[in-house]
Amino acid sequence: MTPDQYCQQKAARSGSSFYYGFLFLPPAQRQAITALYAFCREVDDVVDDNLDPLVARTKLAWWREEIGRLFAGSPQHPVTRALAESIQRYNLPAEHFLEVIDGMEMDLDHDSYESFKDLSLYCHRVASMVGLMSAEIFGYTDRATLKYAHNLGMAFQLTNILRDVREDGLRGRVYIPLDELRRFGISPGEIMGNQTSDRIRDLLRFQADRARSYYRKAFELLPAADRYTQRGGLAMAAIYLETLKEIAADNYNVLEHRVSLTPIRKLWLAWKTMQQEKRQHRKRLAETVD
């Protein structure tokens with residue numbers, strides 16, 4: 001199995017919205033973003049699959065060393081070998097990869113966060129840094145696109161937190177800020193349960209509104225000139241927003257069951273968005289010529 005095949009298999013098995021968002025990209029970008037996603041899955045799995053924190057920290061330390069080897073030109077892991085060409089072609093700095101690892105390690109240090117300010121650092125590391133690297137791979141002409149990418153990463157992570165409340169609760173983790181739990185009169189134990197009270201629905205609706213505000217901010221910041229090159233991220237956004245819509249339509253019953261879209265629906269949303277952006281791009285080009 002080649003490094004690229006390894007990454008493709010890792011990404012496809014996850015069934016992530018991220019995966020469907022880059023299926024329709026040009027080959028070189030698709031290879032790079034698939035390898036980047038595979039890296040994120042590898043370091044995330046270190047924390048999720050290891051009950052012993054010491055073992056997890058040791059493995060994360062190995063990944064930090066492996067990023068050093070990658071940028072020194074001697075990667076060992078299939079994922080980093082697949083990334084070797086991309087880090088040069090797309091200007092992906094080592095610091096971004098290391099910060100993603102730092103974010104994953106925060107799960108070993110925290111099972112909850114006191115405030116949204118505290119949670120924001122976690123979201124920045126595990127999601128916005130990936131958004132920034134994705135933006136580099138997709139390409140841009142205006143640096144405002146990086147602000148768009150940062151906010152879109154935040155929006156994705158906040159959507160994941162809302163969708164995965166029950167799953168995270170079973171792992172003993174609460175990503176909804178504790179001061180907001182108190183504001184709505186909810187204990188952490190209730191979030192780890194399997195019943196959604198009206199108070200919990202109000203809390204979750206508040207979380208969904210915050211996620212939507214980050215989507216709005218991201219879209220407002222994306223320069224028109226870079227919409228087409230960033231269409232992969234917009235395809236992912238379409239899938240995540242639809243997930244958010246489904247959660248709301250289900251009356252925020254995320255403690256009873258996990259809301260998710262079918263693979264065919266994700267594929268359709270990604271394809272539809274890519275086609276829409278292609279048509280808009282052609283229209284803008286035609287207007288420029290006129």
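Values quoted throughout were computed directly from the atomic coordinates according to the rules given, and no laboratory measurement underlies them. Everything numeric here is computed off the predicted structure, so don't read it as measured data. Please note: Cβ atoms are built from the backbone with ideal geometry, for glycine as well, and neighbour counts cover all protein chains shown.
Going by a ≥ b ≥ c, the root eigenvalues of the Cα gyration tensor, does the chain fall in the rounded group (a/c under 1.5), the prolate group (a/b larger than b/c) or the oblate group?
oblate
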Check: Going by average Cβ neighbours within 10 Å, how do the peptides 101-113, 268-280 rank, with the highest at the top?
Finding: 101-113, 268-280
Next item on the list: Taking the Cβ of Leu23 as the centre, find all other residues whose Cβ is under 13 Å away and add up their charges (Lys, Arg: +1; Asp, Glu: -1).
Entry: +4
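How large is the translational diffusion coefficient of the range 148-191 in µm² per second when you combine the Kirkwood radius over alpha carbon pairs with Stokes-Einstein at 25 °C and 0.890 mPa s? Don't skip to the answer; put the middle values down first.
Details: Rh = 11.3 Å.
Calculated translational D: 216 µm²/s.
Taking K and R as +1 and D and E as -1, what net charge do the other residues with C-beta under 13 Å from the C-beta of Tyr252 add up to?
On the way: positive: Arg163, Arg166, Arg199, Arg201, Arg205, Lys245, Arg258; negative: Asp198, Asp202, Asp209, Glu246, Asp250, Glu256.
Net local charge, Tyr252 excluded: +1.
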Margin query: Rounded to the nearest angstrom and ordered from largest down, what semi-axes does the equivalent ellipsoid of the range 156-276 get from its C-alpha gyration tensor (root of 5λ)?
Written below: 29, 16, 11
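What does the highest-first list of 165-172, 139-146, 51-58 look like by mean Cβ count within 10 Å?
Numbers: 165-172: 16.5, 139-146: 15.0, 51-58: 12.4.
My ranking of the peptides, most packed first, is 165-172, 139-146, 51-58.
Once you charge only the Cβ atoms, +1 for Lys and Arg and -1 for Asp and Glu, what is the size of the charge dipole of the range 1-108 about its Cα centre, to the nearest 20 debye?
Details: 10 positive and 15 negative charges, 96 e Å.
The dipole magnitude comes to about 460 debye.
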Item checked: Mean ellipticity per residue at 222 nm, deg cm²/dmol - from DSSP H runs of n ≥ 4 across the chain, formula -39500 (n - 2.57) -> -23500 deg cm²/dmol
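Assuming 0.36 nm per residue, please report the length gained on full extension of the stretch His257 to Asp111 beyond their Cα-Cα distance.
Numbers: separation 146, 0.36 × 146 = 52.56 nm, distance 2.13 nm.
That pair, His257 and Asp111, stretches by 50.4 nm at full extension.
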Next item on the list: Rank-order 223-231, 177-185 by packing density, defined as the average count of other C-beta atoms within 10 Å over each peptide's residues, highest first.
Entry: 223-231, 177-185
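What relative contact order, as a whole-number percentage, does the chain give when Cα pairs under 8 Å and 6 or more residues apart are counted? If you can, show how the numbers build up before the last one.
Values: 378 pairs, mean separation 57.3, N = 290.
The value is 20 percent.
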Notebook entry, point to check: Across bins of 5 angstrom width beginning at 0, how are the C-alpha pair distances of the range 1-108 distributed, in whole percent?
Noted result: 2, 13, 23, 24, 21, 12, 4, 1, 0
Next item on the list: At a Cα cut-off below 24 Å, give the lysines reachable from Lys59, other chains included and same-chain residues fewer than 8 away excluded.
Entry: Lys10
